[in-house]
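Engineer: Here you go, one structure.
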Amino acid sequence: MTDQYRVVRHTLSSRARLEITAREFHEVVRAVDGLGRVIDIEEAYDILISNYMEYERAVAGILIEEEVRRRISSEAFNQDRRHMSRVTANLLSSARLFRDIADNVVPKLLGRKALKEFRDEKAKVAEQSFPYRFMEELRNHSQHEHFPVTGISYGANWLGHNDEVKATRVHTFKPSVKPHLLKAFPRFRNLAAEYEEMREVDPALPEGIDLTLFVRHYVMCMGDILVVLRQMLQRSGLIEALNLTVESMVQPFIDLDGNATLMGIEAEHLRNGEVVDRRHLGSELGSVVAHLQKENRKLVNLHRIQFRL
């Protein structure tokens, strides 16, 4: 049985090949798989943000529909409620996906000790935010018990102006959740009681929770969790080290063929002439991470945003 390790470029314009050791091959595997796991985390957050934008688009779409068609029927009401339940459920599911991937990836990249640190930081986020804790329970509830949206309301009013012609009409649409309706479910009893206590302290709080406001707080908290993870990775220097490992294997092909294109470069493990393991190499791995981190920043002040139609 003969084992052989190499980095080869499979393109018509090149037959460049570099023999490497078993240790070097396993380092490449670790680097490529590690960068892939970082990309998994970033893409899971990207999906979460995309579903948040879909939620906001759904609210805006219903506002426009109301203004244009002036729908007044139980059918329209139920259609809007189902629509908001769908986009809310998608958002909550993607939040769970992001959290599960992060919990799975952290120990593989940074070790079991880092996982404890990460979970402790997540617990701090939960402790400091009632909307986060409520939305986490709503996610579990919507998966096993009932649709997340229990009520919706429409509104329209005029913003006054000295010149009546210049007055502005503002439309509102609010999906909501009624905490008192969730008391029957054991996991919600403490949260419902906590919300009642909050209303006693602040009577201005509505009986029904403004779901859009809580969604925005929830997404901001997910951003806090992502920042914790990015900071842990930055302190470890892992991403930089993994990038250097990949680049060290790609550089010889730049020297041989130039850097016009780096397609087709792969690290291979052959046994008796047959490929038994392979990893694609490319400088784009690091750039994908950098692009996602730049594009998907932590969102702030969402609770202060007011979209008007």
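The values are calculated or read from the model by the stated rules, or taken from the named source; none is laboratory data. The shown structure was predicted, so the numbers you read here are calculated from the model rather than taken from an experiment. Don't worry about glycine lacking a Cβ; one is built from the backbone with ideal geometry, like all the others, and counts go over all protein chains shown. The protein model used for the area step is the full one, side chains on, heavy atoms only, and it has no ligands, DNA or RNA in it. Shrake-Rupley method; radii C 1.70, N 1.55, O 1.52, S 1.80 Å.
Engineer: Looking at the calculated P(r) for segment 172-289, what percent of the C-alpha pair distances fall above 23 Å?
Structural biologist: Cα-Cα pairs in segment 172-289 separated by more than 23 Å: 61 percent.
Engineer: Another one. Rounded if a/c is under 1.5, else prolate if a/b beats b/c, else oblate: with a ≥ b ≥ c from the C-alpha gyration tensor eigenvalues square-rooted, which is segment 113-188?
Structural biologist: On the way: a/c = 4.22, a/b = 1.93, b/c = 2.19.
Judged from the Cα gyration tensor, segment 113-188 comes out oblate (a/c at least 1.5, b/c at or above a/b).
Engineer: Now, a different point. Starting from the residue with the highest accessible area, list Lys116, Lys294, Lys178 in decreasing order, probe 1.4 Å.
Structural biologist: Lys294, Lys116, Lys178
Engineer: Same structure again: For Leu281, list long-range residues whose amide hydrogen, built 1.01 Å from N in the peptide plane, is under 5 Å from its own amide hydrogen.
Structural biologist: Answer set, sorted by chain and number: Ile265, Glu266, Ala267.
Engineer: Can I ask one more? Pick from Gly273, Gly34, Gly208 the residue whose mean-square fluctuation is largest in a GNM of the chain, springs joining Cα atoms under 10 Å.
Structural biologist: Gly273
Engineer: A follow-up question, please. With springs connecting C-alpha atoms under 10 Å apart, model the chain as a Gaussian network and identify which of Leu244, Leu182, Leu256 has the largest mean-square fluctuation.
Structural biologist: Checking each option, the largest mean-square fluctuation is seen for Leu256.
Engineer: Let me ask you something else. Can you pull out the chymotrypsin sites (Phe, Trp or Tyr not before Pro) in segment 204-309 whose DSSP state is coil and whose Cβ has at most 15 other Cβ atoms within 10 Å?
Structural biologist: Filter output for segment 204-309: Phe307.
Engineer: Output the 0 to 90 degree angle, nearest 10, between the alpha-carbon long axis of helix 22-69 and the longest principal axis computed from the alpha carbons of the chain.
Structural biologist: 20 degrees
Engineer: Nearest 10 degrees, 0 to 90: what angle lies between the long axis of helix 238-257 and the longest principal axis of the chain (Cα atoms)?
Structural biologist: Between helix and principal axis, roughly 50 degrees.
Engineer: Please find, in a Gaussian network model of the chain (springs between Cα atoms separated by less than 10 Å), the residue of Ile47, Ile39, Ile265 whose mean-square fluctuation is greatest.
Structural biologist: Ile265
Engineer: Could you compute Rg(Cα) / (2.2 N^0.38 Å) for the chain, with N its residue count?
Structural biologist: 1.33
Engineer: Where does the Debye-calculated log10 I(q)/I(0) of segment 107-153 sit at q = 0.19, 0.26 Å⁻¹, using only Cα point scatterers of equal weight, no solvent?
Structural biologist: Rounded to two decimals, the profile gives -0.74, -0.89.
Engineer: Still on this structure, please answer the following. Within the chain, what whole-number % of the accessible surface is contributed by carbon and sulfur, with the 1.4 Å probe and all protein chains included in the calculation?
Structural biologist: 51 percent
Engineer: OK, next. Which angle from 0 to 90°, rounded to the nearest 10, does the C-alpha axis of helix 112-128 make with the longest principal axis of the chain?
Structural biologist: 20 degrees
Engineer: What three numbers, in Å, describe the spread of the alpha carbons of segment 66-166 along their principal axes, ordered from the longest?
Structural biologist: The principal-axis extents, from largest down, are 64, 37, 21 Å.
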